[in-house]
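K.L.:
Take this structure, written in structure tokens, and hold onto it; I'll ask about it next.
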Amino acid sequence: MKSARLNRLFGVSGNCFDVAIDHGMFNERTFLAGIENMKTAIEVIAQAAPDAIQLPPGTAPMLQAIPGKHRPALVLRTDIANIYGNPLPSQLFSEMIDRAVEQGVALDAACVVVNLLMLPDQPEVYRACVRNVNSLKRECEIYGMPLMVEPLVMQDNSKGAYMVDGAIDKILPLVRQAAELGADIIKADPCDNVEEYHRVVEIAQGLPVLVRGGGRVSDQEILIRTKQLMEQGARGIVYGRNVIQHHNPGGMTRALMAIVHDKASVEQASLHIG
């Protein structure tokens, strides 16, 4: 059944656009912009027909309640972390939901996703993430559920919260560890020099690499970056805020789908946004 679920996740082009709307799991007020009304947010994105929508267990039923055969596949978020606060809590954690794969099966998910976080001077958070991946792997094999691992190298931004670290020499070993731990799909950050991203694809040992979107940027920047990443061998993208916080989330979804699946130019993709 793993191959059947992967076929639901990846389009006929072999690529995937997964829209992440799981930000509410992290208990951060700033993450809620654009998704205050989850039912509306999910319906708007679903109508634009991305390959998948990434949701936590509490709001995943909203996607699965949409009638018809052609709604996007569900990618189920399985872990919660408190690493994005400003100021940071005195103790950081990464916890997994109970019986995550069983919940994925019950919700008809095509995939489950879990973090592999590397934060400065926080070995216990990293250790918890390794445990989370390990505990999911065998259950995923038993149930035929694809496992997406999200290896994220973070940097301290000196303001009390964490930001992405795009240093490729830090990204490469963590991506490789995710592959060695048994990921079926890698969801990784872009590196500082996008032209080096083929090295991330190579280190993943043939696993499909989907690129994380990160913070909000201009339309032109996200479209150009996406085009470059696909040309470097990425198999798709997982974007959240650059879609759900956009003034036209449906149009941005269609624009990015054109790049991911149809190899559209940035100019051609921009026509979908208006």
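The values are calculated or read from the model by the stated rules, or taken from the named source; none is laboratory data. None of the values given here were measured: they were computed from a predicted structure. Positions of Cβ are backbone-derived with ideal geometry, glycine not excepted, and every protein chain shown enters the neighbour counts. SASA here: full protein model, heavy atoms, side chains in, ligands and nucleic acids out. Shrake-Rupley method; radii C 1.70, N 1.55, O 1.52, S 1.80 Å.
K.L.:
Looking for something touching a residue at least 24 places away in the same chain (Cβ under 8 Å), under 18 Å from the mean Cα position of the chain (by Cα), surrounded by fewer than 21 Cβ atoms within 10 Å (Cβ to Cβ) and not in a helix (DSSP H, G or I) - is there at least one such residue anywhere in the range 254-273?
P.N.:
For the range 254-273, residues touching a residue at least 24 places away in the same chain (Cβ under 8 Å), under 18 Å from the mean Cα position of the chain (by Cα), surrounded by fewer than 21 Cβ atoms within 10 Å (Cβ to Cβ) and not in a helix (DSSP H, G or I): absent.
K.L.:
Follow-up question, since we're still on this one. How many residues are surrounded by fewer than 24 Cβ atoms within 10 Å (Cβ to Cβ), assigned to a helix (DSSP H, G or I) and touching a residue at least 12 places away in the same chain (Cβ under 8 Å) if we restrict to the range 102-131?
P.N.:
7
K.L.:
Also: When Val217 is evaluated against the numbered criteria (1) more than 16 Å from the chain's Cα centre (by Cα); (2) surrounded by 17 or more Cβ atoms within 10 Å (Cβ to Cβ); (3) in a loop (DSSP other than H, G, I, E, B); (4) in contact (Cβ under 8 Å) with a residue 12 or more places away in the chain, which criterion, by number, is the only one it fails?
P.N.:
Single failed check for Val217: (2).
K.L.:
Mind listing whichever residues of the range 111-146 are among the aliphatic types (A, V, I, L, M), over 18 Å from Leu210 (Cα atoms) and in contact with a helix residue (DSSP H, G or I) (Cβ under 8 Å, 6 or more places away or on another chain)?
P.N.:
Matches in the range 111-146: Met118, Leu119, Val130, Leu136, Ile142.
K.L.:
Quick check on Phe17: is it open to solvent by 10 Å² or more (accessible area, probe 1.4 Å), over 11 Å from Leu74 (Cα atoms) and within 18 Å of the chain's Cα centre (by Cα)?
P.N.:
Here the answer is no, as Phe17 does not meet what is asked.
K.L.:
For the range 43-70, how many residues meet the condition of being out of contact with any Phe, Trp or Tyr (no Cβ under 9 Å at 6 or more places or on another chain) and within 18 Å of Ile237 (Cα to Cα)?
P.N.:
Residues that pass the stated criteria total 7.
K.L.:
Can I ask one more? Being more than 21 Å from Gly214 (Cα to Cα) and either surrounded by 14 or more Cβ atoms within 10 Å (Cβ to Cβ) or modelled with pLDDT under 95 (or both) is the filter here, so list the residues in the range 81-101 that pass it.
P.N.:
Pro89, Ser90, Gln91, Met96, Ile97, Ala100, Val101 - these are the residues of the range 81-101 that are more than 21 Å from Gly214 (Cα to Cα) and either surrounded by 14 or more Cβ atoms within 10 Å (Cβ to Cβ) or modelled with pLDDT under 95 (or both).
K.L.:
Anything in the range 31-43 that is in a loop (DSSP other than H, G, I, E, B) and free of Cβ contacts under 8 Å to residues at least 24 places away in the same chain? List them, or say none.
P.N.:
Across the range 31-43, the qualifying residues are Glu36, Asn37.
K.L.:
If you scan the range 145-164, which residues turn out to be open to solvent by 10 Å² or more (accessible area, probe 1.4 Å), farther than 17 Å from Ser94 by Cβ and either hydrophobic (A, V, I, L, M, F, W, C) or not in a strand (DSSP E or B) (or both)?
P.N.:
Of everything in the range 145-164, those that are open to solvent by 10 Å² or more (accessible area, probe 1.4 Å), farther than 17 Å from Ser94 by Cβ and either hydrophobic (A, V, I, L, M, F, W, C) or not in a strand (DSSP E or B) (or both) turn out to be Asn157, Ser158, Lys159, Gly160, Met163.
K.L.:
Now for a different question. I'm trying to understand the selection: among the residues of the range 44-80, which are crowded, with 16+ Cβ neighbours inside 10 Å and in a helix (DSSP H, G or I)?
P.N.:
Result: Val44, Ile45, Ala46, Ala60, Met62, Leu63.
K.L.:
Also, I was wondering about something else. Being without any contact (Cβ under 8 Å) to a residue 12 or more places away in the chain, more than 24 Å from Val44 (Cα to Cα) and of a type outside the set (Phe, Trp, Tyr) is the requirement here; does Gly233 meet it? Walk me through it before giving the result.
P.N.:
On the way: without any contact (Cβ under 8 Å) to a residue 12 or more places away in the chain: no; more than 24 Å from Val44 (Cα to Cα): yes; of a type outside the set (Phe, Trp, Tyr): yes.
Answer is no for this residue.
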